[in-house]
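The structure appears right after this line, and notes come after that.
The values are calculated or read from the model by the stated rules, or taken from the named source; none is laboratory data. This structure is a prediction, so every number in the text was calculated from the model and none was measured. A quick note on method: Cβ atoms are made from the backbone with ideal geometry, for glycine too, and the neighbour counts reach across all protein chains shown. For accessibility, only protein heavy atoms count, side chains too; no ligands or nucleic acids. Shrake-Rupley method; radii C 1.70, N 1.55, O 1.52, S 1.80 Å.
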Amino acid sequence: MLKEIRPAIVFIVALTLITGLAYPLAMTGIAGVIFPRQAQGSLIERDGKVVGSELIGQEFTSEKYFHGRPSATVAPDPADSTKTVPAPYNAANSGGSNLGPTNKALIERVQGDVDKLKQENPAVPVPIDLVTTSGGGLDPHISPAAALFQVPRVAKTRNLPEDRVRRLVNEHIEERTLGLLGEPRVNVLALNLALDRVAAR
């Protein structure tokens, strides 16, 4: 019987070492050589201090900043470990809300967000990505339409001409990857850092 089991055990151990150890280490090493910045998390620095990543969104609540997509990520409730509380852009708990399109709580939340945003810019339809979460809840990008929608509020709060803020948004539009993958997008953190630089002049 050992004669029949031995090859299976050797095969499992060999595959575990190859796919669970050798391959990940090789890919990590190759990525570190070919794409060193991306392999380290695509970190963004300001004045020598890491302020975020190009790959993970952050919550901006101040009126003087562009806001990203809503995030459905949660964390354990400090008062009751059996419950969770909203924790936007919690990379340790990436995921969507799993609420369906007919869910009353989702409908009410989206409608409330739409109503609030309509007060901010009543002349323009509210872009869908400003009121809906992404599947992972960590999306660092918004659509160009979502960024342009926020221009009047940001310009007014910062006391900047709308044309200057609009131009800044247009300068930060990232086109489709390789010209065909994905959609045009704006990295919210990069845009807000550029906005801080403009406002500081």
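Extension gain for ASN170 to PHE60 (0.36 nm times residue separation, less C-alpha to C-alpha distance): 37.6 nm.
Paramagnetic label reach from ASP196 (point 7 Å along Cα→Cβ; backbone nitrogen cut-off under 16 Å): within the range 60-75, residues 60-68.
Shape of the range 102-153 from its Cα gyration tensor (a ≥ b ≥ c, root eigenvalues): rounded if a/c is under 1.5, otherwise prolate when a/b > b/c, or oblate? If you can, show how the numbers build up before the last one.
Details: a/c = 2.70, a/b = 1.19, b/c = 2.27.
Oblate shape, in that a/c is at least 1.5 and b/c is the bigger or equal ratio.
With the other protein chains left in place, how much accessible area per residue, in square angstrom, belongs to the chain at a 1.4 angstrom probe?
Numbers: 13010 Å² over 201 residues.
Ligands and nucleic acids excluded, the figure is 65 Å² per residue.
What FRET efficiency would be calculated for the residue pair LYS3, THR28, taking the C-beta separation as r and a Förster radius of 35 Å, to the nearest 0.05? Given R0 = 35 Å and the Cβ-Cβ separation, E is 0.40. Rolling a 1.4 Å probe over the protein chains gives THR132 an accessible area of about 40 Å². Per the 1.4 Å probe, what fraction of the accessible area of the chain, in percent, lies on carbon and sulfur atoms? In the chain, the share of accessible area belonging to carbon and sulfur is 61 percent.
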